[in-house]
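The values are calculated or read from the model by the stated rules, or taken from the named source; none is laboratory data. Remember, it's a predicted structure, so these values are computed and weren't measured experimentally. Reconstructed Cβ throughout: ideal geometry from the backbone, glycine too, with neighbour counts over all protein chains shown. Note: areas computed on protein heavy atoms with side chains; ligands, DNA, RNA excluded. Shrake-Rupley method; radii C 1.70, N 1.55, O 1.52, S 1.80 Å.
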Amino acid sequence: MRFFFVPPGKEITTDAEFVELMEKLASRPCGWEGRIALDTETANGISITDNRVVVWSLSDGEERWQLDRKYLYRQEFIDLWVDPERYWCFVNNKFDMHQLFLEGLPEIGGLPIDVISMAFINDENRSENKKYGMDEIASDYLGIKMLKFEATFGKGTNSEELMLAAPKETLIEYSTLDAYVTWHLTEVLCSEISDLPFCDVSDYFDSGMDYLVKVEAPFSKTLWRMERRGIRLDPKQIELLEEDYTNRVQEDKKNMYRCVGRLDFNFQSPKQLKEYFFEELGLKPKSYTKSGNPSLSKEVLPLYAKDGVELAQYLVDYRKHAKLLATYIKGYFQEKVTPQGKIHCNFRQHGTVTGRLSADNPNLQNIPGEQSFRAAFIPDKGMMLGCFDYGQVELRILGHFCQDPNLCTAFLEGLDLHSFTASKMLGVSYDEVMASKILEDVKISEEEKKELTGDLYSLSEQEVESNIKARKAAKTINFGILYGMSANKLAKTLKLTKEEAQVYLDGWFDAYPLVRDFIYGQVEKADTNLFHEVRSIQGRYRRLPKILSQDIGMRKQQERLAVNSTVQGSAGDIAKMAMIWLDRHPDLGGDCLEGGTYKVQLLLQVHDEIVVQCPKEHCSVVDAMIRRGLVQPPQIDISVPLVVDGGFSNNWGEAK
């Protein structure tokens, strides 16, 4: 922590002062040493679609200046803004970039350095405590207490009126302090992350600072373009969804009232529900609350539904349908849509500790997977929507890190992983498990089954059943092993005995013995490394300081994270580099809002899916280019082949 003198803020009031300032800033060297901090004060909170700049501020680390909105349009500033060699620094860079774009400025030309990115690289665990605001970072790294808006300007609904009604000196002090502190935060954080040796894991980055400049700052531009474009909604599909789910909710209510036999029943009342379940129906409690009362929590209620309790079945359906109607159909699809018919969400570059992308306002990553919901997302006129999904990316990353010969063989030879795993677990041939999968499929005719399976058509029912049961277990373990899959959890998921589940789990590790070594190795690294860290494929840190906790539950959680964070973090690295590549490719994204030669525009990234739009006439060419590029993202060295599925269609549901 450092303490330093903060110079008084200055206001630029004349054209002559403005020109002098622009000349001063333009004379600064390009790159990091000549970086300029910028901050905006806006009229409408955090909106990126309906807002305006009230005042804006600049700092070179020595002085700080407040400027009137009118100076944004002067060519002297625009020339600085579009200079490709210029470094700018912000706190929450995308927000300020949006505000200047709303004022009519072109895209930023240089590199947008974000203090939040620097703080994340230095300590990714800050995201767990939501300490990525200017106030928290400034306090922790500079010992500065920032001015609070409400304490400075008072309460009210109109931010612009409050700021302009305050004494001029108050607004100058408030606005320029943000820019000045931003510049100095980049100074102190640069020294911190420059000491992080990314080069000991990745050949592409010397340090955390090098990684910031080559990855996180360019990625901010990519995300800004995605937010700026938004994604279009189909009003006809939304009408159909609203009608459908309104009817479902009403039908659910009718059925629930019929079950209880009275119209005055309040299904939102835990007391009435418990009386009905445990007194009228006489059901045995499956779980208890902390106070010792029978529980009907959202985890417990489905258990009664599975047992055939009619009200529980209807209540589970009602809650699901009501949530979809309120949260997505009436919420996201109606309240969050702009007059232009689009949704613009906020992509949180550092919203997860693993480095995976998240989103909010609204969270489009939580859109239900049902085709009818995704069909509501459509391309702009004359475009097609493309969805490209990485297949089994986490397991492929696991194969890369552990180098288990069986696991790598499955990917290198393009085998069905779950069938291959089951064959190793049972000690039967891969072809036998694949044949069992065909023989069990009721959609395939007997003649086709004979033709497809050959001699294996004669497999007994018991052999087919055993192979299919093992394949289900293999699939469950494949997707759960990175999250600490246990025999108890496997037994519960597949309705097996604990002994049966343990046999399958032991068989899985016998099939892939080096996975166990990888898991043990990750835990040992987190135990013994200086910062108790594990690393992603690009060298990003995941520090686990609580892994030495005396609390066994906490320690076990940290051990699971030692494995999961490396794989999840690497999946985030792959998606990030693929998106940057696509966005900057001259023929695809073109490193601009409109897109490159083929006018490809990146719109969404949800889990392992990347969603784009492209003019219809270019789809076939673009499809092939994207597939080739996504499986070989730049600055990623992975020994197991990546696979991408998907294509172009009229909406997200069809493309998926």
query: Only one residue in VAL621, VAL611 is closer than 15 Å to ASP389 by Cα and either modelled with pLDDT of 95 or more or open to solvent by less than 10 Å² (accessible area, probe 1.4 Å) (or both), so which one is that?
result: VAL611
task: Identify, by number, the condition in (1) at pLDDT 95 or above; (2) farther than 26 Å from PRO368 by Cα that SER295 doesn't meet.
output: (1)
message: List the helices (runs of 4 or more DSSP H) inside region 425-483, counting only whole elements, that have at least 2 residues being crowded, with 19+ Cβ neighbours inside 10 Å and among the hydrophobic types (A, V, I, L, M, F, W, C).
response: 430-440, 461-480
- line: Taking region 624-646 and the residues there that are modelled with pLDDT of 95 or more, crowded, with 16+ Cβ neighbours inside 10 Å and touching an Asp or Glu at 6+ places or on another chain (Cβ under 9 Å), the one that is farthest from ALA571 (Cα to Cα) would be MET625
query: Which one of the conditions (1) without any contact (Cβ under 8 Å) to a residue 60 or more places away in the chain; (2) charged (D, E, K, R); (3) open to solvent by less than 10 Å² (accessible area, probe 1.4 Å); (4) touching a Lys or Arg at 6+ places or on another chain (Cβ under 9 Å) does GLU136 fail to meet, given that it meets all the rest?
result: (3)
query: Would you pick out the residues in region 46-102 that are open to solvent by less than 20 Å² (accessible area, probe 1.4 Å) and under 19 Å from GLU161 (Cβ atoms)?
result: VAL53, VAL54, VAL55, TRP56, GLN66, GLN99
- request: Filter region 322-376 down to residues that are surrounded by 20 or more Cβ atoms within 10 Å (Cβ to Cβ) and polar (S, T, N, Q) and give me whichever is nearest to ALA119 (Cα to Cα).
  value: GLN349
Only one of ALA37, ALA26, ALA43 that is surrounded by 14 or more Cβ atoms within 10 Å (Cβ to Cβ) and touching a Cys at 6+ places or on another chain (Cβ under 6 Å): ALA37
query: Would you say TYR332 is in a helix (DSSP H, G or I), over 30 Å from ARG560 (Cα atoms) and under 19 Å from the mean Cα position of the chain (by Cα)?
result: yes
Residue among LEU212, LEU189, LEU240 that alone is in contact with a strand residue (DSSP E or B) (Cβ under 8 Å, 6 or more places away or on another chain) and among the aliphatic types (A, V, I, L, M): LEU212
query: If we scan region 106-120, do we find a residue that is surrounded by fewer than 21 Cβ atoms within 10 Å (Cβ to Cβ) and among the polar types (S, T, N, Q)?
result: no
message: So, ILE172, is that one buried (at least 18 other Cβ atoms within 10 Å of the Cβ), touching a residue at least 12 places away in the same chain (Cβ under 8 Å), of a type in the set (Val, Ile, Thr) and not in a helix (DSSP H, G or I) or not?
response: no
statement: Within region 501-537, restricting to residues that are among the aromatic types (Phe, Trp, Tyr) and not in a helix (DSSP H, G or I), the one that is least open to solvent (accessible area, probe 1.4 Å) is TYR512
task: Kindly provide the set of residues from region 129-148 that are of a type in the set (Phe, Trp, Tyr) and part of a loop (DSSP other than H, G, I, E, B), ordered by number.
output: TYR132
message: Going residue by residue through region 258-277, is there one that turns out to be within 30 Å of ASP591 (Cβ to Cβ), in contact with a helix residue (DSSP H, G or I) (Cβ under 7 Å, 6 or more places away or on another chain) and in a helix (DSSP H, G or I)?
response: no
message: Is it the case, given these coordinates, that LEU189 is part of a helix (DSSP H, G or I), without any contact (Cβ under 8 Å) to a residue 24 or more places away in the chain and surrounded by 16 or more Cβ atoms within 10 Å (Cβ to Cβ)?
response: no
- request: Name the one entry in LEU588, LEU603, LEU593 that is touching an Asp or Glu at 6+ places or on another chain (Cβ under 8 Å), within 21 Å of LYS381 (Cα to Cα) and aliphatic (A, V, I, L, M).
  value: LEU593
message: Exactly one of these conditions fails for VAL606: (1) touching a helix residue (DSSP H, G or I) at 6+ places or on another chain (Cβ under 7 Å); (2) within 24 Å of LEU642 (Cβ to Cβ); (3) open to solvent by less than 40 Å² (accessible area, probe 1.4 Å); (4) at pLDDT 95 or above. Give me its number.
response: (4)
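Residues checked against (1) modelled with pLDDT under 95; (2) closer than 26 Å to THR409 by Cβ; (3) out of contact with any strand residue (DSSP E or B) (no Cβ under 9 Å at 6 or more places or on another chain):
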position: ILE519; (1), (2), (3): no, yes, yes
position: GLU524; (1), (2), (3): no, no, yes
position: ARG543; (1), (2), (3): no, no, no
position: GLY553; (1), (2), (3): yes, no, yes
field: Pairs, first free of Cβ contacts under 8 Å to residues at least 60 places away in the same chain in region 290-302, second among the small types (Gly, Ala, Ser) and surrounded by 10 or more Cβ atoms within 10 Å (Cβ to Cβ), C-beta under 8 Å, six or more apart
entry: PRO294/SER287; SER295/SER287; SER297/SER287; GLU299/SER287; VAL300/SER287; LEU301/ALA312; PRO302/ALA312
message: Which pairs turn up if I take residues in region 565-592 that are open to solvent by 10 Å² or more (accessible area, probe 1.4 Å) and look for partners that are polar (S, T, N, Q) and part of a loop (DSSP other than H, G, I, E, B) with beta carbon separation below 6 Å, at least 6 apart in sequence or on another chain?
response: GLN568/THR354; ASP587/THR597
